[in-house]
Amino acid sequence: FFRSYITRPLVLVGASLGAAVAIDFAVNYPEFVSSRYSFL
């Protein structure tokens with residue numbers, strides 16, 4: 001589903017549970033992520 005909306009690499013930012021979601025997305029779909037910031 002998201003492949004039709006994401007046309008270039010993303011910068012993911014997450015705090016707390018959002019950081020866990022961002023890390024999971026980055027691990028499973030590294031081709032969509034240019035960088036990641038986590039605030040745990």
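Coordinate-derived values only; no laboratory data. If you're wondering where the values come from, they're calculated on a predicted model, not measured in any experiment.
Convex hull volume of the C-alpha atoms in the chain, normalised per residue: 61 Å³. Only helices enter the 222 nm calculation for the chain: every DSSP H run of n ≥ 4 contributes -39,500 (n - 2.57), and dividing by all residues gives -9500 deg cm²/dmol, rounded to 500. Using 0.36 nm per residue, how much length does the chain from Val11 to Ser35 gain when fully extended, once their Cα-Cα distance is taken away? Extra length available between Val11 and Ser35 comes to 8.1 nm.
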